[in-house]
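Here the structure comes first, spelled out in structure tokens, and everything after it is commentary.
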Amino acid sequence: MPVFDELVRSRAEGKKSALALIVQCVGSSPQKEGAKMLVRPDGTTVGTLGGGCLEEQVRQVCLAAMEEGTATTISIGLTEHQGGMVCGGQVLVYVEPVLPEPRLVVLGAGHVGRALAQAAAHAGFRVTVIDDRAEHAAPEWFPDAERILVGEFAATLAGAGIDDTVYLLVATRGHLQDFDAVAAALRTPARYVGLVGSRRKRKLLFEELERRGFDAAARARVVTPAGLSIGSVTPAEIAVSIVAQMIEVRRTHERADRGAAPRGGALPADGCRETQAAAPLR
């Protein structure tokens with residue numbers, strides 16, 4: 001079906017969308033249960049719920065759902081007193097945002113980078129690996145990575161399309177490369193900037209960032225040592241701790257965005273059609 005084809009295509013391209021589905025009708029309505037419409041971030045649509053004011057109201061709810069990241073239901077009356085519609089019925093529409101998988105960019109193709117790419121991919125992240133050594137940034141070392149980029153860290157990161165949904169983890173082969181990569185990461189709007197290293201390395205990094213002109217707010221964005229404190233030692237254990245921390249950041253961010261609980265409810269039966277009121281949607 002065109003709606004589902006577009007949904008799959010948008011998600012594969014890393015784009016948001018929202019699916020609207022009529023789940024209950026009472027009385028007369030232009031479309032019945034099962035009618036679907038997909039809304040893109042620019043407001044354009046695929047499929048239809050019947051057009052007119054009904055569709056415009058749902059489109060606005062879909063756009064809000066994409067920003068909030070939460071599903072909801074909306075009850076719309078199709079009368080002159082409710083939006084100028086004259087069908088005389090009422091519909092209940094379920095709206096669900098379809099969000100792309102989170103992206104992780106790993107700067108450094110060493111042991112930790114390899115373990116992290118594998119663990120993050122298995123946790124649902126789309127992984128990109130960057131390294132300036134072609135022999136390390138090789139497909140056979142990163143079978144779970146979506147992209148492998150070879151080049152100088154700062155320049156390659158600048159062209160990697162980093163937005164405020166991306167997670168960045170720096171684990172290069174040395175202090176100088178780490179500091180250059182972190183500085184490049186801080187010039188992006190990435191949601192998470194982590195650095196693998198010790199507390200001593202953290203002190204040296206912050207001194208270097210201050211010397212390079214990064215203010216306190218920028219320096220505070222860096223999570224180092226990256227990962228939850230679980231006593232990790234091996235590359236695999238370090239990767240687990242970092243993925244767990246990124247999941248924590250991701251879910252906390254989603255809860256903060258969502259705010260109030262989703263609306264829910266069912267349509268009452270009317271004189272035109274005997275309908276058992278559905279249980280509230282939660």
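Please find, among GLY43, GLY83, GLY51, the residue that is modelled with pLDDT under 90, surrounded by fewer than 17 Cβ atoms within 10 Å (Cβ to Cβ) and out of contact with any Gly (no Cβ under 8 Å at 6 or more places or on another chain).
Just one listed residue meets the conditions, GLY51.
Would you please list the contacts, defined by Cβ atoms under 6 Å and residues six or more apart or on different chains, that run from a residue in the stretch 117-129 that is free of Cβ contacts under 8 Å to residues at least 60 places away in the same chain to a residue that is acidic (Asp, Glu)?
ALA117/ASP144; ALA121/ASP144; GLY124/GLU101; VAL127/GLU146
What pairs come up if the first residue lies in the stretch 153-178 and is closer than 24 Å to ARG200 by Cβ, the second is of a type in the set (A, V, I, L, M) and part of a loop (DSSP other than H, G, I, E, B), and their beta carbons are under 6 Å apart, counting only those six or more places apart or on different chains?
LEU168/ALA190; ALA171/VAL196
So which residues in the stretch 107-126 are closer than 18 Å to ALA190 by Cβ, in contact with a Lys or Arg (Cβ under 8 Å, 6 or more places away or on another chain) and not basic (Lys, Arg)?
Scanning the stretch 107-126 gives GLY108, PHE125.
Please work out which residue is farthest from ARG250 (Cα to Cα), limiting yourself to the stretch 127-142 and to residues that are of a type in the set (D, E, K, R) and surrounded by 18 or more Cβ atoms within 10 Å (Cβ to Cβ).
ASP132
With the requirement that a residue be in a helix (DSSP H, G or I) and without any contact (Cβ under 8 Å) to a residue 40 or more places away in the chain, what does the stretch 7-42 give you?
Listed by number, the residues that qualify are VAL8, ARG9, ALA12.
So which residues in the stretch 143-180 are in a helix (DSSP H, G or I) and exposed (fewer than 13 other Cβ atoms within 10 Å of the Cβ)?
Correct list: ALA155, LEU176.
Within the stretch 187-201, how many residues turn out to be buried (at least 16 other Cβ atoms within 10 Å of the Cβ) and under 29 Å from the mean Cα position of the chain (by Cα)?
Number of matching residues: 9.
Could you grab me the full set of residues in the stretch 188-226 that are out of contact with any helix residue (DSSP H, G or I) (no Cβ under 8 Å at 6 or more places or on another chain) and in a loop (DSSP other than H, G, I, E, B)?
Answer for the stretch 188-226, where residues must be out of contact with any helix residue (DSSP H, G or I) (no Cβ under 8 Å at 6 or more places or on another chain) and in a loop (DSSP other than H, G, I, E, B): PRO189, ALA190, SER198, GLY213, ASP215, ALA220.
Just name the residue that is surrounded by the most Cβ atoms within 10 Å (Cβ to Cβ) out of those in the stretch 204-218 that are touching a residue at least 24 places away in the same chain (Cβ under 8 Å) and closer than 15 Å to PRO189 by Cα.
So, considering only residues that are touching a residue at least 24 places away in the same chain (Cβ under 8 Å) and closer than 15 Å to PRO189 by Cα, the one surrounded by the most Cβ atoms within 10 Å (Cβ to Cβ) is PHE214.
From the list ALA160, ALA155, ALA184, ALA137, exactly one residue is of a type in the set (Gly, Ala, Ser) and under 20 Å from the mean Cα position of the chain (by Cα). Which is it?
After applying the criteria, what remains is ALA160.
Return the total of residues in the stretch 227-245 being loosely packed, with under 12 Cβ neighbours inside 10 Å and part of a helix (DSSP H, G or I).
Qualifying residue count for the region: 0.
Considering each residue of the stretch 104-126, count those that are surrounded by fewer than 23 Cβ atoms within 10 Å (Cβ to Cβ) and touching a Gly at 6+ places or on another chain (Cβ under 9 Å), and give that number.
Going through the stretch 104-126 one residue at a time, the tally reaches 1.
If GLY124 satisfies all but one of (1) modelled with pLDDT of 95 or more; (2) out of contact with any Ser or Thr (no Cβ under 9 Å at 6 or more places or on another chain); (3) in a loop (DSSP other than H, G, I, E, B), what's the number of the condition it fails?
Status for GLY124: all satisfied but (1).
Which ones in the stretch 10-44 are under 17 Å from the mean Cα position of the chain (by Cα), among the polar types (S, T, N, Q) and more than 17 Å from THR72 (Cβ to Cβ)?
If the condition is that a residue be under 17 Å from the mean Cα position of the chain (by Cα), among the polar types (S, T, N, Q) and more than 17 Å from THR72 (Cβ to Cβ), then SER10 is the only one that fits.
The values are calculated or read from the model by the stated rules, or taken from the named source; none is laboratory data. This structure is a prediction, so every number in the text was calculated from the model and none was measured. So basically every Cβ, Gly included, is an ideal-geometry build from the backbone, and we count neighbours across all protein chains shown.
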